[in-house]
Amino acid sequence: MSDEPAPELLDIAAELYGLPLADFTPERDARVKDLKGLRSEGPALAGQVKALKKPATAAWVVNLLVRYETEQVEQVILVGALLREAQTGMDAAQLRELTKQRRQLTAAVTTRARGLAREHGLRVTEAVATQVEATLTAAMIDESAAQAVRSGLLISALAATGIDAVNATDAVALPDALGFEVPEVVPPPPEPLRAVPDLPDTAALDEAREALTEAESALSGAEEKRAKAMSAFKDVEARSLQVKSEIEDLRRRLADLESAAADVDDELTDAEDARDSAETAVTEAAAARDSAAAEIERLGG
């Protein structure tokens, strides 16, 4: 057996309950096997590790939240403590408003817990989310429940009525978990980006070349159509200019004819007056003749 000292049970539990849910049992059993190979307290500790229960899904989600969103969990616990103190002497309306605010906070943190679980490969159902929110609510209502949550060693969800005390001891992996605070997990900083020369993508290059060929063909066809359209436009433009010129000639001719018509109308008026005068003279001359002829006849001549 190895002379290496046995690790603390709480440290082992803190590590195991921070693993992905599917890895808990195989990793726990592997640690048991390693501990059995140690001298001193190793075999006894192996039995204690073997007794660690796999967490329920809702408990695992809360344990995950405690490790990766420690500040939010501590805010829930702090607000819960303040609310418990503030409840003394409150009237019914104030208590209802207090309950509403508490629900808003736990709902918001539950939403973050679901997103965090999804980031770690687990989709949280509505039923599990309800248990997570109930556990956070219990941590706000009951001090021992708050200790159980903060330990990060939950094995089952919690629920609190505000009347009966919460049996937090049965909800954690170890009795010593109450008062233990699992360390926050700080994600490693992202690796700096390193410039990597772009490698040619043969398929993409062939596709781009084919697209270029098609574009050049389309451009050639478009230019040919443009030349034909330009030629047709020039022909129509020339015809338009010719027609407009002819219209101007006709307008000038019409103006001349209208002027000539006005002159002819004046001449016609004068001719009509001359005609009427001539007709009158003829009538008077005929009457004079007839009168002279009648006088001759009367005189017997």
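Derivation of every value follows stated rules applied to the coordinates shown; laboratory data play no part. Treat the numbers as computed from the prediction; the structure is a model and nothing was measured. Don't worry about glycine lacking a Cβ; one is built from the backbone with ideal geometry, like all the others, and counts go over all protein chains shown.
Before moving on, here are some points about what is shown:
- At q = 0.11, 0.13 Å⁻¹ the log10 of I(q)/I(0) for the chain amounts to -0.86, -1.00, computed by Debye summation with a single uniform scatterer per C-alpha, solvent ignored.
- Sites Arg112 and Asp34 - FRET efficiency at Förster radius 45 Å, r taken between beta-carbons, to 0.05: 0.80
- Ignoring aspartates and glutamates fewer than eight residues from Lys50 along the same chain, the ones with Cα atoms less than 13 angstrom from its Cα are Glu27, Asp29, Asp34.
- Mean Cα-pair separation over length for segment 27-94, i.e. relative contact order, pairs under 8 Å, 6 or more apart, %: 19 percent
- Within the chain, helix-based [θ] at 222 nm, where runs of 4 or more DSSP H residues each add -39,500 (n - 2.57), nearest 500: -24500 deg cm²/dmol
- Put a dot 7 Å past the Cα of Thr130, heading toward its Cβ, do the same for Glu41, and the two dots end up 4.3 nm apart.
- Between Glu267 and Val186, full extension at 0.36 nm per residue minus the direct alpha carbon distance yields a gain of 17.5 nm.
- Estimated dipole of the chain in Debye, rounded to 20 [Cβ of Lys and Arg +1, of Asp and Glu -1, Cα centre]: 3380 debye
- 25 Å Cα-Cα reach of Lys53 towards lysines, excluding residues that sit fewer than 8 places from it in its own chain: Lys33, Lys36
- Put simply, the C-alpha atoms of segment 52-149 give a gyration tensor, and the ellipsoid matching it has half-axes of 26, 14, 11 Å, longest first.
- In angstrom, the C-alpha Rg and Dmax of segment 205-249 are 19.5, 65.
- All aspartates and glutamates inside 20 Å of Lys225 as judged from Cα atoms, apart from same-chain residues fewer than 8 positions distant: Glu214, Glu216, Asp235, Glu237
- Screening the chain for whole DSSP H helices with an alpha carbon extent of at least 15 angstrom along the helix axis and a mean Kyte-Doolittle hydropathy of at least -1.0 yields 57-68, 70-86, 92-119, 126-141, 202-298.
- Summed residue charge, Cβ within 13 Å of Glu8's Cβ, Lys/Arg positive, Asp/Glu negative: -3
- Cα convex hull, segment 219-301: 93 Å³ per residue, rounded to a whole number.
- Amide proton proximity set for Leu38, modelled H, under 5 Å, gap of 5+: Ser2
- Extension gain, Glu143 to Ala255: 0.36 nm times the residue separation minus the Cα-Cα distance gives 29.3 nm.
- Of the two radii for segment 1-126, the radius of gyration is 1.15 times the Kirkwood radius, both from the alpha carbons; that is the Rg over Rh value.
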